[in-house]
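**Student:** Let me begin by handing over the structure; questions about it come next.
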Amino acid sequence: MHSHPVMPDTLQRYSDSDWVEFLSDHDGTLDASRCGMRTKLALISQRDMSADIQREIDIFARKFKYYLMDGVPVLRILSATSLGSGMEEKVLRITINDPSSLYSSSLELLRRRRPGVSNVGIPSNFSTTFEAITKLSPTPPTSLVESLDEEEKKRFFSVETDLSPGPIMMLAKTKKDAMLLLCGLKLLLEREKMASLPQSVKVGGDQSVKTGGDHCVDAYSC
């Protein structure tokens, strides 16, 4: 069992907004005054004064991967319209197939292991590659909102892929865990996305980075 990752202050605000794959820079908002995580990461990587911040983010990313490899207990919501259809105890886990690229890794939602009970063929299990993830969200669908109390709304998060018929909905054990999962998954996805981009796209010049309509002068102004 690995130590619990601590979310860097620099990334705190990315723990309560959507991540959408097709947006050029993800922050779950159309407010151009708030740069997305990719812009923030690119700015930090350019600045010598950001070395301590970069180190903190690297440590968080590494510990978060171990956290997911160990498996994170969650409740899977089985219906988008009512909790009355039930919830199941699951474990959200990452299986890394190629250490050099997370895109081929599997994000799995499996029944908690019980002695002598197989996990094979369980309909409510779920598995996807990182590359297939198209959206992360802390916002429950409107059809489910009335079924959740205020504490459950804070623990809610969902994952969508280009193959899933809708969001895979979950409740983390605590609000802190939900924020940690959203921020950590966004960070891993953005770093993979940035690693696949040409250098000219990652960095928009010596003095600024411009992506998705954002214009930030430095890592502290956005």
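**Student:** Please count how many residues of the stretch 170-195 are out of contact with any strand residue (DSSP E or B) (no Cβ under 7 Å at 6 or more places or on another chain), of a type in the set (A, V, I, L, M) and over 14 Å from Asp58 (Cα atoms).
**Tutor:** Of the residues in the stretch 170-195, 4 are out of contact with any strand residue (DSSP E or B) (no Cβ under 7 Å at 6 or more places or on another chain), of a type in the set (A, V, I, L, M) and over 14 Å from Asp58 (Cα atoms).
**Student:** Could we say that Arg62 is modelled with pLDDT of 90 or more and closer than 19 Å to Ala195 by Cβ here? Outline the logic, then answer.
**Tutor:** On the way: modelled with pLDDT of 90 or more: yes; closer than 19 Å to Ala195 by Cβ: yes.
So Arg62 passes the test.
**Student:** Pull up the stretch 144-186, narrow it to residues that are touching a Pro at 6+ places or on another chain (Cβ under 9 Å) and aliphatic (A, V, I, L, M), then point me to the one that is surrounded by the fewest Cβ atoms within 10 Å (Cβ to Cβ).
**Tutor:** Across the stretch 144-186, the extreme among qualifying residues is Leu148.
Residues are listed down the side, and each one gets a yes or a no for (1) more than 12 Å from the chain's Cα centre (by Cα); (2) within 20 Å of Lys65 (Cβ to Cβ); (3) at pLDDT 85 or above:
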| position | (1), (2), (3) |
| --- | --- |
| Pro8 | yes, yes, yes |
| Arg13 | yes, no, yes |
| Asp16 | no, no, yes |
| Trp19 | no, yes, yes |
| Phe22 | yes, no, no |
| Asp25 | yes, no, no |
| Ser33 | yes, no, no |
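**Student:** Related question: Among the residues of the stretch 65-72, is there at least one that is assigned to a strand (DSSP E or B) and of a type in the set (A, V, I, L, M, F, W, C)? Lay out the reasoning, then the answer.
**Tutor:** Filtering the stretch 65-72 down to residues assigned to a strand (DSSP E or B) leaves 72.
Cutting the leftovers down to of a type in the set (A, V, I, L, M, F, W, C) gives us 72.
The answer is yes, given that some residue of the stretch 65-72 is assigned to a strand (DSSP E or B) and of a type in the set (A, V, I, L, M, F, W, C).
**Student:** Which condition does Ser79 not pass, out of (1) touching a Ser or Thr at 6+ places or on another chain (Cβ under 8 Å); (2) at pLDDT 90 or above; (3) surrounded by fewer than 16 Cβ atoms within 10 Å (Cβ to Cβ), if it passes all the others?
**Tutor:** It is condition (2) that Ser79 fails.
The values are calculated or read from the model by the stated rules, or taken from the named source; none is laboratory data. A quick note: this is a predicted structure, and the numbers were derived from the prediction, not measured. Glycine gets a Cβ as well: all are built from the backbone with ideal geometry, and neighbour counts include every protein chain shown.
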